[in-house]
Amino acid sequence: MFAPLLFAPLLFSPLLLLPAKSLAEDTQQNIEQSGAQTDSWSESASDEWSDAGWDDEEQGHTIHGFFEVAYGARIQSNRWVDRDDTLNEARLRIDYSNYFGPLYASYKGDFLVDDLTWDGPFIDTQTREALLRFSVGKNSDIHLGRQILTWGTGDLLFLNDLFPKDWVSFFSGREMEYLKASSDAIKFSHFNKLANVDLVWSPKFDSDIYIDGERFSYFSPLADSIVAAPPKLSANNPDSQLDDGELALRIHKIINGYEWALYGYHGYFKSPVGFDPERGVNYFPKLSSFGASVRGTVKSGIGNMEVAWYQSRDDSNGTDPFIPNSQLRFLTGYEQELISRLTLGLQYYLEWTQDYDELKDNSLLPGKEPEEYRHLLTTRINYRSLQDKLTLSLFVFYSPTDDDFFAMPKVIYRLSDSWSSEMGMNIMGGKNDYTLFGQFEENSNLFARVRYSF
């Protein structure tokens with residue numbers, strides 16, 4: 001077992017040396033600018049999320065990685081979870097890539113000891129990417145294997161990006177790269193003057209890594225209260241037949257400096273939001289979605305707009321209280337550099353639940369139903385200083401409908417080309433314990449990480 005009292009000084013001490021007035025820009029912005037995105041949440045973080053830049057890759061093999069230690073703990077007691085720490089791990093990452101003639105191969109793997117879940121004696125291994133890429137003709141590429149997939153325009157808000165997310169990593173303070181979970185998929189990309197097309201087929205359903213009560217407590221509609229493990233929340237996955245997989249489509253094109261896109265998805269809700277009362281199990285209801293987005297320069301900044309229609313195929317008329325209703329989701333955002341190195345980003349997000357009268361008439365929790373129109377506002381402030389060695393960022397979600405919030409302040413300091421550190425907080429709360437952020441109030445935490453890259 002790790003020793004938190006030894007870990008904490010190691011992790012936090014580099015940040016205590018920083019000048020008090022320094023600020024900086026979150027690595028997430030790099031993804032937004034490279035075309036990566038962020039369901040009802042999103043974030044940017046690393047060039048790994050971008051599907052651009054293949055032509056710039058060096059011909060030849062490369063190997064690099066990092067070693068990182070991380071620790072996090074709740075800032076208040078949680079009556080449902082025994083442990084106070086929310087993050088306590090050591091991680092070794094190895095990235096390897098090589099060209100074998102026209103074939104490009106890439107591997108990204110983590111070797112992890114996580115004190116909250118590790119039962120020994122062997123180190124856990126996690127493959128984030130095991131990918132082969134090759135061209136088909138002059139204008140088409142195929143990406144085959146385990147890969148990180150993303151698209152859309154939101155900042156920590158995902159509408160048409162229905163690829164798997166790791167919400168445990170997101171709430172515990174891991175690097176934002178880990179918000180994106182891996183998909184075992186085949187991606188076909190075709191480029192031409194009319195439009196670019198990306199088609200992704202996942203033969204087997206890839207779910208989110210959802211909150212299961214092991215590390216964080218959550219609100220259970222069935223229990224009508226906050227719960228935690230044991231037992232962990234478990235769910236029945238869709239069948240493994242080929243026709244039970246997922247299909248995602250994006251058609252995109254830049255017109256007069258604006259990037260326009262159409263989206264489609266046929267699969268399942270990514271978290272187990274359905275319940276089968278006959279079998280007493282949670283499951284992933286069927287979902288189809290259709291959407292569109294546009295992003296481009298607006299005056300001195302970057303604006304974006306995105307819309308998505310979520311068709312709940314197992315509850316088309318909204319009368320089943322155990323399955324989410326269909327929804328229309330809308331997002332608009334704007335980002336601008338206010339002064340040198342200081343950036344402000346704002347977003348407005350709407351969820352419009354369909355067949356709302358039917359939902360209320362059949363509700364299992366009268367008075368605790370989601371509002372028909374759920375509004376959400378986000379603000380991101382980033383500042384870079386000390387020749388970009390220091391970054392201060394603040395990201396805040398606030399829902400006036402639910403009267404709840406989620407604030408993420410961070411300090412990132414790059415000591416050298418090899419050494420970097422990050423400290424931050426995940427502060428959640430709300431008026432009621434059954435709303436999205438209100439349920440996690442007693443999971444609020446402080447975290448720190450130190451990384452050596454090679």
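Bear in mind these aren't lab numbers, they're just calculated from the coordinates by the rules spelled out. These figures come from a predicted structure and were not determined experimentally. As a convention, Cβ positions derive from the backbone with ideal geometry for all residues, glycine included, and neighbour counts pool all protein chains shown.
Between the labelled values [x] 14; [y] 37; [z] 48, the entry that holds percent of Cα pairs over 41 Å apart as derived from this structure is [x]. Counting neighbouring beta carbons within 10 Å and listing from fewest to most, the residues Glu442, Glu175 come out as Glu175, Glu442. Since only Ile254, Trp167, Ala229 are under comparison, the one whose Cα sits farthest along the positive direction of the charge dipole of the stretch 166-262, derived from C-beta charges on Lys, Arg, Asp and Glu, is Ile254.
Taking the number of Cβ atoms within 10 Å of each Cβ as an exposure proxy, the fewest-first ranking of Asp361, Asp124 is Asp361, Asp124. Relative to the current alpha-carbon distance between Glu259 and Tyr96, full extension at 0.36 nm per residue lengthens the span by 55.5 nm. Extension gain for the segment Arg279 to Asp243, taken as residue separation times 0.36 nm less the Cα-Cα distance, is 10.6 nm to one decimal.
Here is the link list: Lys138/Lys193; Lys108/Lys232; Lys108/Lys389; Lys368/Lys431; Lys108/Lys253; Lys187/Lys270. Which ones come out longer than 21 Å on Cα distance? In this structure, Lys108/Lys232; Lys108/Lys389; Lys108/Lys253 exceed 21 Å between Cα atoms. Remark: the stretch 4-453 carries a charge dipole of roughly 1180 debye about the Cα centre, counting +1 on each Lys and Arg Cβ and -1 on each Asp and Glu Cβ. One quarter of the convex hull surface built on the alpha carbon atoms of the stretch 240-338 amounts to 9.0 nm², the projected area averaged over directions. Determine the shape class of the stretch 321-393: with a ≥ b ≥ c the square roots of the Cα gyration tensor eigenvalues, call it rounded for a/c under 1.5, and otherwise prolate if a/b is greater than b/c, oblate otherwise. Prolate shape, in that a/c is at least 1.5 and a/b is the bigger ratio.
Placing +1 on the Cβ of every Lys and Arg and -1 on the Cβ of every Asp and Glu, with nothing else charged, gives the stretch 293-432 a dipole about its Cα centre of roughly 1020 debye. Of the residues Ile226, Ile186, the one with the fewest other Cβ atoms within 10 Å heads the list, and the complete ranking is Ile186, Ile226.
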